[in-house]
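One structure below.
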Amino acid sequence: MTSADTLSEVSDIIRDVLDAPDLPISRETQAIHCEGWDSVNHINIIISVESRFGIKINTAEIEGMKNVGELVDAVDRKRGAR
Amino acid sequence: MNQVGMRLTELYWLPSADGISDTLKGLGRQATVHVDELIPLARSRLDFVQTQRLDRLLGKVLSGATAAEDPIGLKRLRLAMLGSATLDHLEPGLRVAALRRGIALEIFRGEYGQYQQELLDERSALQAFAPNIVLLSLDARHLAQGADVGMSRADAAALVAGRIEQIKATWRAARRRFSAQVIQQTCLPCVPAAIGSNEARLPGAPAALISALNAELPRHAAEEGVDLLAIDAYAAQDGLAAWHDPVLWHRAKQEISPLAAPAYGDLVVRLVAAQQGLSAKCLVLDLDNTVWGGVIGDDGLEGISLGQGSALGEAFAAFQAYVRDLSRRGVILAVVSKNDLANAQSPFDSHPEMILKQSDIACFIANWDDKATNIRKVAETLNIGLDSLVFIDDNPFERGIVRRELPMVAVPEVPDDPALFASTLADAGYFEALNITGNDLERTAQYRSNAQREMLRHAHTDVEGYLKSLDMTLQWRPFDRVGMQRIVQLINKTNQFNLRTQRYTEAQVEELLEDSGAIALQLRLLDKFGDNGIISIIIARPDDEAMFIDTWLMSCRVLGRRVEEASVNLVAAEARRRGARRLVGEYLPTKKNGMVREFYPKLGFEPVVEKPDGATRWQLDLARFKPFDHFITIKEDFA
């Protein structure tokens, strides 16, 4: 799976959680750009991603993430390391 | 820990709906959504994100409907959820689980940690809400406050007793104000042990204190008329990690992981349904490969797997023991089986390892009608609603047809292994009960006598749409060496759907490989559930201008799917290709093949002769034969 595939799957998860099927998402997208991406949905997105990819993202990493691209990179890194 | 695929948090007993995410998306774009479009989704397997999305759609439907006119046909109830940690993420799971059971649940969520004040203050928003149900979802760390590993045993005991008194005061306040059903969640054992297996030897440790509280709660709850929500037991069964994530506790004070929210909701609503009289009342059992291993009509009393002697037989016996226990505590049992009645009843009467007896079964139906029709008869005979029936069957085809024809009947997805049938029924919680009375213990006897008085009435069901949706393909090929073992097995084992019951050795069957004049077909049926394997064998030999059907047999697993019609079309075409003008068929009666007595006339054959022993001969004029309609693609399967 390429990084573009990961981005596409992560984007689908975000759209599902936010219930925003047409939301445009790129690597540069940030939570503050998206309606409904509050702290509760942030958790929902992270645990959905974790359960979809079978990985665990640790607390420090979550705190440090600035945009969707960094989440995608974390997923790819952890999948590679498994 | 339960394996993945068998956890409560996955709602694994619910059928998965194809493309549910797209369905939710499509409904989200519709201008108006009707509740009838949402109920089937609520009865499907949903993860927590899908649950939230369904909940949003439900919110739209409910906000458009007023309680007075109540156009949605759901029972409306109000639940107050009071707690000491974050609870809002649990609401969608509660509302969707309620919808699954025909309830529109309105939820009041108390302020974080304010539950005692809200219960006591006569002017609080909670008082105005006037709940029917009060759910106390108190987190373990809150209840274990004051724990200290250095405590003496006496101090720890005093702490537990004091905490129980506080909880009881909360219950009483809730009862006094609202005459509501009070549900107390047990403590989730989510704090790590300080010493290990013998944690109780350090009574002041938080984990020991939580265990002590959980041990005390059942007695007090019973005394006070409060119902427990035993999440400690369910989390232990699934593995704590499926229910609790320490990271989320620290980030958001979510003691129950959002991943477990759909299951949490289901567990709570089971208790509500039980209180409201909405729990299922009757378990409808298939027999072959559900209650015993094998097919009684083909394998006979000696051939079925049941009881000591094999792991499989023991698993079926254990399932029967579980079902009998359900019956003894008030669940009504019924049987719906595709079998001749005498065959279906013979193990109940004569198999030494049968645990279920005929006297345990309130309504016993064995015939060759489709199961949806028979399940309707069960409901009519017992005079209970279809929505209080649960149907258990190992066969995905039968489950599918019943779900489609009778969506109000609960039909669990059972795993292939009978060792898991009992735990699946338990996990699905259809028969949740709060109090067991003497009346419960006598119930089956009552229903049984009612059933004996009542005449069975026929109800028709249109299954064509279902058959179409199955995407069935009948693959046929002449006999070959690859299929030889299965062909010989079917010829020598099939008793029921077998017109002449001719038995052949492998050598005799092999002769047919070389005989190009004869028709020797093996038929395989595929559908959207998968491959049913070789399900029918047909042998016909030329006899002057006719083709004489020497063998026609079929597996009873695929009855009612118009395989017979598709097959006769195929045989007619093959006979014509070989220059035959007529098909000649014969029925030779045996003790077990009564179900195919009318097989040839049903397929349009004309009678030729009937002998005193009951044997009949039939013929079909191929020049006048019009192929039957069916919903099966017929395809030659080239080797």
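The values are calculated or read from the model by the stated rules, or taken from the named source; none is laboratory data. Nothing here was measured: the structure is a model prediction, and the numbers come from that model. Backbone-built Cβ (ideal geometry, glycine too); neighbour counts: all protein chains shown.
For this structure, a couple of remarks:
- Any hit, segment B:36-59, residues being part of a loop (DSSP other than H, G, I, E, B), polar (S, T, N, Q) and farther than 19 Å from residue B:8 by Cβ: no
- Residue check, residue B:317 in the same structural domain as residue B:419 (by TED's automatic domain parsing) and surrounded by fewer than 19 Cβ atoms within 10 Å (Cβ to Cβ): no
- Qualifying residue in segment B:138-146 (condition: polar (S, T, N, Q) and part of a loop (DSSP other than H, G, I, E, B)): yes
- Selection from segment B:140-157 of residues that are surrounded by fewer than 22 Cβ atoms within 10 Å (Cβ to Cβ) and not small (Gly, Ala, Ser): B:141, B:142, B:145, B:148, B:149, B:151, B:153, B:155
- Condition met for residue B:376 (charged (D, E, K, R) and over 26 Å from residue B:593 (Cα atoms)): yes
- Enumerated helices (runs of 4 or more DSSP H) restricted to chain A, each holding at least 3 residues that are touching a residue at least 12 places away in the same chain (Cβ under 8 Å): A:3-18, A:39-53, A:68-81
Okay, residues lined up against (1) more than 14 Å from chain B (Cβ to nearest Cβ); (2) more than 11 Å from the chain's Cα centre (by Cα):
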site: A:13; (1), (2): no, no
site: A:25; (1), (2): yes, no
site: A:54; (1), (2): no, yes
site: A:63; (1), (2): no, yes
site: A:71; (1), (2): yes, no
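- Residue in segment B:268-275 that is more than 23 Å from residue B:46 (Cα to Cα), crowded, with 17+ Cβ neighbours inside 10 Å and more than 14 Å from every other protein chain (Cβ to nearest Cβ) present: yes
- Meets criteria (touching a Gly at 6+ places or on another chain (Cβ under 6 Å), modelled with pLDDT under 95 and not assigned by TED's automatic domain parsing to the domain that holds residue B:496) for residue B:300: no
Let's see how each residue does on (1) surrounded by fewer than 21 Cβ atoms within 10 Å (Cβ to Cβ); (2) not β-branched (Val, Ile, Thr); (3) not in a loop (DSSP other than H, G, I, E, B):
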| site | (1), (2), (3) |
| --- | --- |
| B:533 | yes, yes, yes |
| B:536 | no, yes, yes |
| B:540 | no, yes, yes |
| B:549 | no, no, yes |
| B:553 | no, yes, yes |
| B:561 | no, yes, no |
| B:567 | no, yes, yes |
| B:571 | no, no, yes |
| B:574 | yes, yes, yes |
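- Considering residues of segment B:89-128 that are out of contact with any strand residue (DSSP E or B) (no Cβ under 8 Å at 6 or more places or on another chain), more than 20 Å from residue B:410 (Cα to Cα) and outside any loop (DSSP other than H, G, I, E, B) only, the residue farthest from the other protein chains (Cβ to nearest Cβ): B:120
- Within segment B:437-454, the presence of at least one residue that is among the β-branched types (Val, Ile, Thr), part of a loop (DSSP other than H, G, I, E, B) and either at pLDDT 90 or above or surrounded by fewer than 19 Cβ atoms within 10 Å (Cβ to Cβ) (or both) is confirmed.
- Only residues that are small (Gly, Ala, Ser), touching a helix residue (DSSP H, G or I) at 6+ places or on another chain (Cβ under 8 Å) and farther than 24 Å from residue B:111 by Cβ were counted across segment B:238-260, and they come to 1.
- Neighbours by Cβ (under 7 Å, 6+ apart or cross-chain): first from segment B:113-139, assigned by TED's automatic domain parsing to the domain that holds residue B:186 and farther than 24 Å from residue B:255 by Cβ; second crowded, with 22+ Cβ neighbours inside 10 Å and among the polar types (S, T, N, Q): B:132/B:181
- Enumerated helices (runs of 4 or more DSSP H) restricted to segment B:216-261, each holding at least 1 residues that are touching a strand residue (DSSP E or B) at 6+ places or on another chain (Cβ under 8 Å) and surrounded by 19 or more Cβ atoms within 10 Å (Cβ to Cβ): B:231-238
- Screening segment B:17-33 for residues that are surrounded by 13 or more Cβ atoms within 10 Å (Cβ to Cβ) and in a loop (DSSP other than H, G, I, E, B) and picking the one that is nearest to the other protein chains (Cβ to nearest Cβ) gives B:33.
- Count - residues of segment B:380-422 that are assigned to a helix (DSSP H, G or I) and in contact (Cβ under 8 Å) with a residue 40 or more places away in the chain: 19
- Evaluating residue B:264 against the criteria (1) within 11 Å of another protein chain (Cβ to nearest Cβ); (2) closer than 17 Å to residue B:46 by Cα leaves one unmet condition, (1).
- Residues of segment B:36-62 that are hydrophobic (A, V, I, L, M, F, W, C) and within 14 Å of chain A (Cβ to nearest Cβ): B:46, B:48, B:49, B:54, B:57, B:58.
- Looking only at residues of segment A:27-46 that are of a type in the set (Val, Ile, Thr) and under 12 Å from the mean Cα position of the chain (by Cα), we find that the one that is farthest from the other protein chains (Cβ to nearest Cβ) is A:29.
- Residues (among the hydroxyl-bearing types (Ser, Thr, Tyr) and over 17 Å from residue B:370 (Cβ atoms)) located in segment B:526-583: B:536, B:551, B:567
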